Amino acid sequence: MYLSLRFRALATSTALAAVSVFAGPASAQTAPTAKPNVVILATGGTIAGAGASTVNSASYAAAKVAVDKLILGLPELQNVANVRGEQTFQIASESFTNDALLTLARRVSALSKDPSVAGIVVTHGTDTLEETAYFLNLVVHTDKPIVVVGSMRPGTALSADGALNLYDAVSVAASKDAGGKGVLVTMNDEINSGRDVAKLVNIRTEAFKSQWGALGMVVEGKNYWFRAPVKRHTSGSEFDIDNIQSLPVVDIVYGYGNVQRSTVDAIGATPGLQAIVHAGTGNGSVADRVVPALNDLRAKGINVIRSSRVPAGFVLRNAEQPDDKYDWVVAHDLNPQKARILTMVAMTKTRDPKELQRIFWEY
């Protein structure tokens, strides 16, 4: 069986008619519709994956099902919005690149400026979903809902989660009350901020959580909100994808017991490196033998961002390390991968560590 019962390709003329492609105002012979227009930008991932059998929930091939088939297999989408899809990419998200981020963000930005589009959904593999969601949160200037969604099981699996996740994402993107809250991630009935959410579990469907809690829940197409984001985002951001041509080279080095400075030296030799994120232990701790290596990089003009590999909490400035003395930046509550995203975006405007620190506090 190629697709699940929810994501099967429907071949009847009735199902084909269910896929709405909006291209402008209705003709005089067509009754106007009150349903909003939502565009799904598909990039691949597990939500477009397929396994060899229904019991393959963890062993499968990602990025196999085209967006048109996803939409055809879920006719309930037409109950909440006029939906059309675009196949932006068809890849597993661990293979996402900076160029892919830029391409996707530019398309999201362009669609957000289209007055006929009410909201945008991005289907995405879960491995780097949080990074893409945060990038869009920083660089797309709009108050329209942008929802990033994925699944932990392919559509062919028993108890596949992709169909409901996608339905919820379209429902949220079509709702006016989701506007102005930044980029959202809708999975497992929860609505999380693209800034805060992280993949904390693999295999299970409740993989994405925020240490500060979900913004709300979506149940049977209705949103229930409990908090709002306070960090700067989207229309309130000083960054704009329309002004970003490329992203600087920023890399991550991992802290662990018995770590050697050679790990920093190796990454420090990366051509064009402009910043390095140190994923430290505990409160962003840095081993004594690694500190000189990071300071050597700082002396060469490479910025040092002190983050933590611990999934919750936040890094305190001048605790564990004298950040003021070393001219380092702390990542606040951002995990290393999101700290890399913000560093890249911030360094399209400044290399001043004091300005970078301000940006980390505000975003």
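The values are calculated or read from the model by the stated rules, or taken from the named source; none is laboratory data. In this text, all values refer to a predicted model and were calculated from it rather than measured experimentally. Here the Cβ is made from the backbone with ideal geometry for all residues, glycine too, and neighbour counts use every protein chain on show.
Given the conditions (1) under 12 Å from VAL253 (Cα atoms); (2) modelled with pLDDT under 95, report the number of the one that SER308 does not fulfil.
Going through (1) under 12 Å from VAL253 (Cα atoms); (2) modelled with pLDDT under 95 one by one, SER308 breaks only (2).
Residues of region 293-312 being out of contact with any Leu (no Cβ under 7 Å at 6 or more places or on another chain) and either surrounded by fewer than 20 Cβ atoms within 10 Å (Cβ to Cβ) or farther than 18 Å from GLN337 by Cα (or both), which ones?
Residues satisfying the conditions are ALA293, LEU294, ASN295, ASP296, LEU297, ARG298, ALA299, LYS300, GLY301, ARG309, VAL310, ALA312.
Going by the conditions given, is VAL121 under 23 Å from GLU206 (Cβ atoms), β-branched (Val, Ile, Thr) and outside any helix (DSSP H, G or I)?
yes
From LEU158, LEU164, which residue is surrounded by fewer than 24 Cβ atoms within 10 Å (Cβ to Cβ) and either modelled with pLDDT under 95 or within 12 Å of PRO145 (Cα to Cα) (or both)?
Sole residue among the options that is surrounded by fewer than 24 Cβ atoms within 10 Å (Cβ to Cβ) and either modelled with pLDDT under 95 or within 12 Å of PRO145 (Cα to Cα) (or both): LEU158.
Taking the options VAL172, VAL185, VAL218, VAL264, name whichever one is part of a helix (DSSP H, G or I), surrounded by 19 or more Cβ atoms within 10 Å (Cβ to Cβ) and in the same structural domain as ALA81 (by TED's automatic domain parsing).
Within the list VAL172, VAL185, VAL218, VAL264, the selection yields VAL172.
So, in region 47-68, how many residues would count as being assigned to a helix (DSSP H, G or I) and at pLDDT below 95?
Counting residues in region 47-68 that are assigned to a helix (DSSP H, G or I) and at pLDDT below 95 gives 1.
Rundown of residues vs (1) in contact (Cβ under 8 Å) with a residue 60 or more places away in the chain; (2) over 15 Å from SER151 (Cβ atoms); (3) in contact with a strand residue (DSSP E or B) (Cβ under 7 Å, 6 or more places away or on another chain), yes/no style:
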site	(1), (2), (3)
LEU41	yes, yes, yes
ALA58	yes, no, no
ALA63	yes, no, yes
ASP68	no, yes, yes
LEU72	yes, yes, no
PRO75	yes, yes, no
GLN78	yes, yes, no
ALA81	yes, yes, yes
ASN98	yes, yes, no
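Within region 194-215, count every residue that is polar (S, T, N, Q) and within 13 Å of LEU334 (Cα to Cα).
Result for region 194-215: 2.
The rows are residues; the columns are (1) assigned to a loop (DSSP other than H, G, I, E, B); (2) under 19 Å from ASP352 (Cβ atoms); (3) in the same structural domain as ARG340 (by TED's automatic domain parsing).
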| site | (1), (2), (3) |
| --- | --- |
| GLN274 | no, yes, yes |
| GLY280 | no, no, yes |
| ARG289 | yes, no, yes |
| ARG298 | no, yes, yes |
| GLY301 | yes, yes, yes |
| VAL304 | no, yes, yes |
| PHE314 | yes, no, yes |
| ASN318 | yes, yes, yes |
| GLN321 | yes, no, yes |
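Within region 223-234, identify whether any single residue is free of Cβ contacts under 8 Å to residues at least 60 places away in the same chain, more than 28 Å from LEU72 (Cβ to Cβ) and small (Gly, Ala, Ser), and answer yes or no.
Yes - at least one qualifying residue is present in region 223-234.
Here's a check for you: in region 277-292, which residue that is within 17 Å of VAL250 (Cα to Cα) and out of contact with any helix residue (DSSP H, G or I) (no Cβ under 6 Å at 6 or more places or on another chain) is surrounded by the fewest Cβ atoms within 10 Å (Cβ to Cβ)?
Once the filter is applied, the top-ranked residue is GLY280.
Looking at region 69-105 only, could you name the residues that are under 16 Å from HIS124 (Cα atoms), in a helix (DSSP H, G or I), among the charged types (D, E, K, R) and more than 14 Å from the chain's Cα centre (by Cα)?
Across region 69-105, the qualifying residues are LYS69, ASP99.
Please verify whether LEU334 is touching a helix residue (DSSP H, G or I) at 6+ places or on another chain (Cβ under 8 Å), in a helix (DSSP H, G or I), on the phi < 0 side of the Ramachandran plot and in contact (Cβ under 8 Å) with a residue 12 or more places away in the chain, treating the condition exactly as stated.
When the stated conditions are applied, LEU334 does not pass them.
Based on what the data block shows, is ARG153 in the same structural domain as ALA61 (by TED's automatic domain parsing), among the basic types (Lys, Arg), within 23 Å of THR46 (Cβ to Cβ) and modelled with pLDDT of 95 or more?
no
Taking ALA346 as the residue in question, decide whether it is under 14 Å from LEU247 (Cβ atoms) and surrounded by 17 or more Cβ atoms within 10 Å (Cβ to Cβ).
yes
Being β-branched (Val, Ile, Thr), in contact with a strand residue (DSSP E or B) (Cβ under 6 Å, 6 or more places away or on another chain) and over 30 Å from ALA58 (Cα atoms) narrows it down to one of VAL290, VAL250, so name that one.
VAL250
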